[in-house]
Structures are given as C-alpha cells and as structure tokens.
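K.L.:
Just passing along the structure, written as structure tokens.
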Amino acid sequence: MPAGVTRKYFGTDGVRGPYGGTVINEAFAARLGVATARWLKARIGAASSEPAIVLIGRDPRFSGEALERALSGGFRSEGCVPISLGVLPTPAVARAVVHFKAAMGAMVTASHNPALDNGIKFFDASGRKLNDEQEAVIEAALPDDVPIGVNEFVRRWPQLARIRSDGVSDYVDGMSRLLPPNCLAGWTIVLDTANGATCTTSLPVLAKLGPRLISIGDHPDGRNINAGVGSEHPGPMAARVKESGARLGIAHDGDGDRCVLCDEKGEILDGDEILTILALGAMEENRLANRTLVITVQSNLGVDAAVAAAGGRTVRTAVGDRYVIERMLAEGANLGGESSGHILLPAISPTGDGLAAALMIIQAMVKTGQPLSELRRRLTKAPQATSAIVVGRKLPLEQLPRLGAAIAALEKELGERGRVLVRYSGTEAKLRFLVEGPDTAAVTGGLARLESAARADFS
C-alpha cells in the first residue's frame, strides 16, 4: 500500500468479512453504495449528462442478493443506474464493464472465503480494480447512515433484481474463442467450480472444446461455496483426475478470478508454476512484453531463477493482484500474477481470470504436445513452507516482540540462502508466514518457530 494511504474497511481485495457483522450487512452496503456513487459522480463531473451506469454481479452465496439490493439502493439514491448481472464470475463483471461501456462495476463476493463471509469490490470503467487512494476517498465519503431506514431504502428501488444485461453469454462467447472448437477431442478434464460463480460459465466454455468433462463442486446452494472443494481444497479434484485418467484438473475459487491445476498424475500446480510455464513459452515466441514477468513477494524464488535463465526478468510487488496490474502497466508487461492462482492476462481480461489462465495452459499443452507433468518441470522451486494462524485483531508487527525476535534470528541463520515473509492477510483475520531456505528441514523448522512465537505474543 502506498505510504500515507490508510483504509479502515478496504483490504487487498475490497471490503470483506462475516455476513451480519459490523461491516458486511445491508446497512453498510447501502452506505457504501452512497459513498461510491458520490465518488463516481465527482470523478465523472460534468463530462456526461447521462446518469452513470453501474453493473453489479455476485457469487451464489446466500447473503449475496440482499447485499446487492442494498448496495444498488445506495447507488440509485444518488442518481446512478445500477444494473444487475446476476450470478457470474468476477472477471465476467470486469469484462462486462468494458463491453457495455459502464461507468463502473461491483462484485458482491468473498472469493475463496467460506459461505458465511461476503464482501464487495469495485471496478473502474477500464475493468480494473480501484486503487488504494480511490478506496480511501470512498471511505472518507461514507455517510453516518443512509437517509432512511435500510429496509425502506431497499424497497424503494426493487427493480434492480429484475434488470439483466448479457454479461454471462458475452463472457462465455469471448472465452470460447480463445481456442479452436473441438481441439480437445479425446481429452478428459476434471473441472471443480467450487459451488461458486463459475458453475454456469467454465463448463460451457470447455464443453465447446470437445473433451469429456467430469464436474465437481457444481451444485451451489448458497451455503456450500468453497466447502471442501475448489482452489482452496484441490484434493477432491486431484483424486478424480487420478481415478479417471484425465489430462488435467482445473479448480476455481468461489468467484472465478483464480485457479489451481493438477497434472495427469494428480499433482497440484499453483500460480507460480502456471506463471512460469506461460512466461517461458511467451519468451520462446517473443510474446512476453519487455521480457518481464510481474509477481509478488509471495512467489517462490525459483520463478526468478527460471525466468532469468531464459533471458527475462521478474519484478515483485506487494501481495494483491491490484498491485500486480499497477506494476504491469508501469513496466509495460503483459503477464503477471500471484502464487495463489490470480493470473493477469490483460490481452484477455482486465482482471485476474482463472478460466483464461487454464485455457492458456491448455494451449501450451496442445502446442508443445507435452503433458502438464512435463511442462511444470520448467520451474524448480526453492524449498518453501507457508502457514497461517487466526488472530483476534491485527496488531502491528512491531508490537509482537517474540515474533520479531524469532524473525530476526531466522533471517540471520538463513542469510542469503533464504528469506522470511510475515504479513497479515488482506482478506481474512489471519497472520501469514512464509519461509524459504536451503532445505526442507530448515524451512519447516523455521516456520514452526515463527508460529510458536506469534501464538505466544497473541496469548
């Protein structure tokens, strides 16, 4: 986050938290709609005499429709025109904003979080997420309350849920054109849609390519999103790949802006392996702009080594796909992403798109004739271990003396042979740890020491 920019409600990916809590509730959503509409009108100014159109999508979790109605009521009260896209993936909302020339977009989702959570994130007219400064301005404009009670506020603008644009079919059509029809005839693919927003999009796109499809996590009921399936729980996908003899498995998160894959052996690939395959393939064909790959501080050091060995370079940012795309624009790069599976391909989508990433990996498999188990060998990872602990509140790290001492001691031991990264999650109440080092024993032992020190500080 840029120096001097502080936000109370927005994290690395919008506003997020437990539904019915102090932030994620209908009253706050209505207030957020009012504040964002005021920011939007100030941004547009006198440039347009037409009311600003705001496209709103959501994932299928049970709280989504109520939050969408409240959010849209806030926009409507300030003279904006909210249009509901219904249930569809986050990248489809970003694409629709550009395609339909809307003033901005909003997505009601908690992404990979459990069903009891929800959240809201915004996109500007270019389909990119708002930056820290813009979110800080919106926060500063939050009214103390909506002008009328929230229930009445929502009832005054019930028409939102009855308006539909063509966001799903446009997204499916666009993604279907990335690869030739029936090019995967004879393949078997396992698709895990996490009981989330991709249930109605990824399946029809892949079906047009002609493989035999095995679907899991494809029966959303509002309360089972990400529950034991999807990118956070890829085990069921991997098991189905092995038992079915599939070429690969694809697992989305709840809102479809990320994916993890597994090869034909049932071994999981994360975002670092996806990015390395795509970057090296693009360099071989002289398609990697400025021979630069943008990654985050979370990515494995092996990515830097693989890209450098091929004659390219990596640039690192803070964790968060917004920061990745900002740096990509500054560097003139056309590929970037996170180890979590957020892959940014701006020639295809203005935001992270799990389906687009999977399709580009499939394209690499078709072009090279190599199975995914061979392609993944292009990345040799440095020994790394990660974990997280749940925290009651996010105390500044400098106020955690035992953890600070453990970090300093471990960094001294590792020296130039490794690194330590400790940070709070931007989307959950968790403290995250990463250790890289010369061998597995060093990283797992170091990780255990960090966790123990942190728990002692929080006890």
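K.L.:
Residue by residue through region 123-136, note down the ones that are touching a strand residue (DSSP E or B) at 6+ places or on another chain (Cβ under 9 Å) and either of a type in the set (D, E) or open to solvent by 10 Å² or more (accessible area, probe 1.4 Å) (or both).
P.N.:
Passing the criteria: D124, A125, K129, D132, Q134, E135, A136.
K.L.:
How many residues are assigned to a helix (DSSP H, G or I) and open to solvent by 30 Å² or more (accessible area, probe 1.4 Å) if we restrict to region 321-359?
P.N.:
Adding up the residues that qualify gives 5.
K.L.:
Of the residues D166, D145, which is under 15 Å from T90 (Cα atoms) and at pLDDT below 90?
P.N.:
Just one listed residue meets the conditions, D166.
K.L.:
Considering only region 98-110, state which residues are touching a residue at least 60 places away in the same chain (Cβ under 8 Å), over 13 Å from the mean Cα position of the chain (by Cα) and either farther than 13 Å from L71 by Cα or open to solvent by 10 Å² or more (accessible area, probe 1.4 Å) (or both).
P.N.:
If the condition is that a residue be touching a residue at least 60 places away in the same chain (Cβ under 8 Å), over 13 Å from the mean Cα position of the chain (by Cα) and either farther than 13 Å from L71 by Cα or open to solvent by 10 Å² or more (accessible area, probe 1.4 Å) (or both), then V98, H99, F100, A103, M104 are the ones that fit.
K.L.:
If you scan region 99-128, which residues turn out to be at pLDDT 95 or above and either among the charged types (D, E, K, R) or in a helix (DSSP H, G or I) (or both)?
P.N.:
D117, K121, D124, R128
K.L.:
Being of a type in the set (G, A, S) and surrounded by fewer than 16 Cβ atoms within 10 Å (Cβ to Cβ) is the filter here, so list the residues in region 424-444 that pass it.
P.N.:
Of everything in region 424-444, those that are of a type in the set (G, A, S) and surrounded by fewer than 16 Cβ atoms within 10 Å (Cβ to Cβ) turn out to be A429, A441.
K.L.:
Another question, then. Give me the residue from region 292-306 that is in contact with a Leu (Cβ under 8 Å, 6 or more places away or on another chain) and of a type in the set (G, A, S) and, out of that set, surrounded by the most Cβ atoms within 10 Å (Cβ to Cβ).
P.N.:
Going through the qualifying residues, I end up with S299.
K.L.:
I'd like the full set of residues that are of a type in the set (V, I, T) and either at pLDDT below 95 or farther than 27 Å from P383 by Cα (or both), limited to region 298-357.
P.N.:
V319, I325, I348, T351
K.L.:
Using the structure shown, decide if L400 is touching a Phe, Trp or Tyr at 6+ places or on another chain (Cβ under 7 Å) and surrounded by 15 or more Cβ atoms within 10 Å (Cβ to Cβ).
P.N.:
Taking the combined requirement at face value, the residue does not satisfy it.
K.L.:
If you don't mind, another one. Considering only region 244-291, how many residues are among the small types (G, A, S) and surrounded by fewer than 24 Cβ atoms within 10 Å (Cβ to Cβ)?
P.N.:
Total meeting the criteria: 6.
K.L.:
Would you please list the contacts, defined by Cβ atoms under 6 Å and residues six or more apart or on different chains, that run from a residue in region 290-309 that is under 10 Å from G337 (Cβ atoms) to a residue that is open to solvent by less than 10 Å² (accessible area, probe 1.4 Å) and among the small types (G, A, S)?
P.N.:
L293/A279; V294/G336
The values are calculated or read from the model by the stated rules, or taken from the named source; none is laboratory data. In this text, all values refer to a predicted model and were calculated from it rather than measured experimentally. Note that each Cβ is placed from the backbone with ideal geometry, even for glycine, and that neighbours are counted across all protein chains shown. Protein only, heavy atoms only, side chains kept; ligands, DNA and RNA dropped before computing areas. Shrake-Rupley method; radii C 1.70, N 1.55, O 1.52, S 1.80 Å.
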